[in-house]
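Undergrad: Pasting in a structure now, in structure tokens, and then I'll have a few things to ask.
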Amino acid sequence: MTELGSVLIANRGEIALRVVRACRELGIRSIVAHSEADAGSLPVKLADLAVCIGPAQAKSSYRDPHAVLGAALAYKADAIHPGYGFLSENADFAEMCEREGVGFIGPASHVIRRMGDKIEAKIIARRAGVPTVPGSIGSIAEYGEALAVASEVGYPLLIKAAAGGGGRGMRVVQEAATLERDLAEIMAEAEVAFGDPSVYIERYLTDIRHIEIQVVSDGSTVLHLGERDCTAQRRNQKLVEESPSPVLDAELRRGLAEAAVALCREVGYTNAGTVEFVFDNIERTFYFIEMNTRIQVEHPVSEMVTGIDLIKLQLQIAGGAPLELAQDDVFFRGHAIECRINAEDPENDFSPHPGRIAEFRAPGGFGIRMDTHIESGYSIPPFYDSMIGKLICWGADRDEAIARTLRALDELVVEGVITTASLQARIIDSPEFRSGDFNTAFVGELLSPARQLTPSLVLSP
């Protein structure tokens, strides 16, 4: 593909704005495809061109492949940037783009399809020499097979939908007495949720961290941009991410990066992606779990410690440019922490809190970055994900990054809605986070009745 002249951005919010800005700096015409609900949004205002592709409901706009591709063809876009979510990991949509001669800014459709199937991805990882969680090699079709795997893996074990993701389609089985029932139920749930009843079984690891490697490839050269530690989660949804991980030594860090690069080479990966691992705190070893074949929400963490603009690299690679970097050209400096600021009420089971932003003030100062599409007077639509921005803070070391993040959270003003900023501050200021000694159950324990939330830093009027 030749150098890009125009890109249709098939997304919304801060990621759409992020791509608009990268296009502007590269001299690429940006075309934002938006729903009726986002007609007055900041990405629409700042893009070179905007086109409404449907009503507020995502299934009739952002998730409608025909509406998105039709807009790209009508406005003669050279490529489509899908951002994250929506159509970003939809192999059928990527294939539609390939057939119509419109670039899809991401890997090829067959790569998305293979890595989107958790069973196939696990087989590919094993072929590449990447360690995987002990369990079934392929899918489990009936109870007898599950029983045989369980006898090898032991309890507790985890049943996972092959087409699942985002924390959905999983069931922990504590004992043999419930295995048959749990297997039947999760297969039925997978069929309804993903249109695919295929499941597989893994050992359930009880003391783990979630660590991922950012990769980027032009199809020939594969680079890694270090790891991100995403262990601070609630119900498998990430809340705080940081780089580097506070628990890895040089040997483990190198092993994770080499495994991610080997997987990319094995599958023929192109563009930006993230290889996700679990890290067993007890055994101090890591296992591959899945690959996200798109840009991640938390990509700015890697940008802050490397100084490399991942969105620009995505656009340049999609335009046919080879990477001008070698691995030795990627330097890691300091420590970065990202907080996902959601319009949710953490004291009311994180219920969404859409509404009008009466006043917005972003924090500032050295090492502070706020990626957001909101502004004073903006009304948060009730139709989409509740994330309204990402606060990313850099420090020369982890202690400085923590101090700077707490200071920035204190400066942040979002009046008119309730946000999760108070919870972010509580997580980061906790003894567990400061020490680095925690696992994926940490946030749930922090929210337990024994450790009640302190008053919110961001109040509704």
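Undergrad: May I ask you to say which residue of ILE282, ILE311, ILE337, ILE295 is more than 24 Å from MET115 (Cα to Cα) and crowded, with 19+ Cβ neighbours inside 10 Å?
TA: Result: ILE337 is the single residue among ILE282, ILE311, ILE337, ILE295 that is more than 24 Å from MET115 (Cα to Cα) and crowded, with 19+ Cβ neighbours inside 10 Å.
Undergrad: Then there is this: Checking the conditions here, which among VAL172, VAL192 is farther than 30 Å from ARG333 by Cβ, in a strand (DSSP E or B) and not polar (S, T, N, Q)?
TA: The unique qualifying residue is VAL172.
Undergrad: Separate question: Of the numbered conditions (1) surrounded by 23 or more Cβ atoms within 10 Å (Cβ to Cβ); (2) touching a residue at least 40 places away in the same chain (Cβ under 8 Å); (3) not β-branched (Val, Ile, Thr), ALA94 fails exactly one; give the number of that condition.
TA: So ALA94 meets the others, but not (2).
Undergrad: Looking only at residues that are within 30 Å of ALA22 (Cα to Cα) and part of a loop (DSSP other than H, G, I, E, B) in the range 105-133, which one is nearest to the chain's Cα centre (by Cα)? Talk me through it step by step, then tell me what you get.
TA: Our first condition is that a residue be within 30 Å of ALA22 (Cα to Cα); within the range 105-133, this holds for 105-116.
Right, trim to part of a loop (DSSP other than H, G, I, E, B) and you get 105-108.
Working: ILE105: 16, GLY106: 14, PRO107: 16, ALA108: 19 Å.
Among them, the one singled out is GLY106.
Undergrad: Follow-up question, since we're still on this one. Do you know which residues across the range 143-160 are in contact with a Pro (Cβ under 9 Å, 6 or more places away or on another chain) and β-branched (Val, Ile, Thr)?
TA: Matches in the range 143-160: VAL153 only.
Undergrad: Let me ask something additional. Among the residues that make up the range 301-311, is at least one of them more than 28 Å from SER386 (Cβ to Cβ), in a helix (DSSP H, G or I) and at pLDDT 95 or above?
TA: For the range 301-311, residues more than 28 Å from SER386 (Cβ to Cβ), in a helix (DSSP H, G or I) and at pLDDT 95 or above: present.
Undergrad: Could you check the range 236-284 and list, in sequence order, the residues that are among the hydroxyl-bearing types (Ser, Thr, Tyr) and touching a Pro at 6+ places or on another chain (Cβ under 7 Å)?
TA: TYR269, THR270
Undergrad: Can you pull out every residue in the range 140-160 that is of a type in the set (A, V, I, L, M) and either surrounded by fewer than 17 Cβ atoms within 10 Å (Cβ to Cβ) or out of contact with any strand residue (DSSP E or B) (no Cβ under 7 Å at 6 or more places or on another chain) (or both)?
TA: From the range 140-160, those of a type in the set (A, V, I, L, M) are 140-141, 146-150, 153, 157-159; that's our starting set.
Residues satisfying the conditions are ALA141, LEU147, ALA148.
Undergrad: Let me ask you something else. Name every residue in the range 375-406 that is in contact with an Asp or Glu (Cβ under 8 Å, 6 or more places away or on another chain) and without any contact (Cβ under 8 Å) to a residue 24 or more places away in the chain, in order of residue number.
TA: Matches in the range 375-406: SER376, LEU406.
Undergrad: Now for a separate question. If you go through the range 1-18 one residue at a time, how many are under 17 Å from SER61 (Cβ atoms), in a helix (DSSP H, G or I) and in contact with a helix residue (DSSP H, G or I) (Cβ under 6 Å, 6 or more places away or on another chain)?
TA: Adding up the residues that qualify gives 1.
Undergrad: Scan the range 340-359 residue by residue and report those that are out of contact with any Leu (no Cβ under 8 Å at 6 or more places or on another chain) and either surrounded by fewer than 16 Cβ atoms within 10 Å (Cβ to Cβ) or assigned to a loop (DSSP other than H, G, I, E, B) (or both).
TA: The answer is ALA343, ASN348, ASP349, PHE350, SER351, HIS353, PRO354, GLY355, ARG356, ILE357, ALA358, GLU359.
Undergrad: Take the residues in the range 18-56 that are in contact (Cβ under 8 Å) with a residue 60 or more places away in the chain and touching a strand residue (DSSP E or B) at 6+ places or on another chain (Cβ under 8 Å), then tell me which one is nearest to PRO300 (Cα to Cα).
TA: ARG18
Undergrad: Another question, if that's okay. Only one of (1) surrounded by fewer than 18 Cβ atoms within 10 Å (Cβ to Cβ); (2) within 16 Å of ILE119 (Cβ to Cβ); (3) of a type in the set (A, V, I, L, M, F, W, C); (4) modelled with pLDDT of 90 or more fails for ILE137. Which number is that?
TA: (4)
The values are calculated or read from the model by the stated rules, or taken from the named source; none is laboratory data. None of these values were measured; they are calculated from a predicted model. FYI the Cβ positions are ideal-geometry reconstructions off the backbone, even for glycines, and counts take in every protein chain you see.
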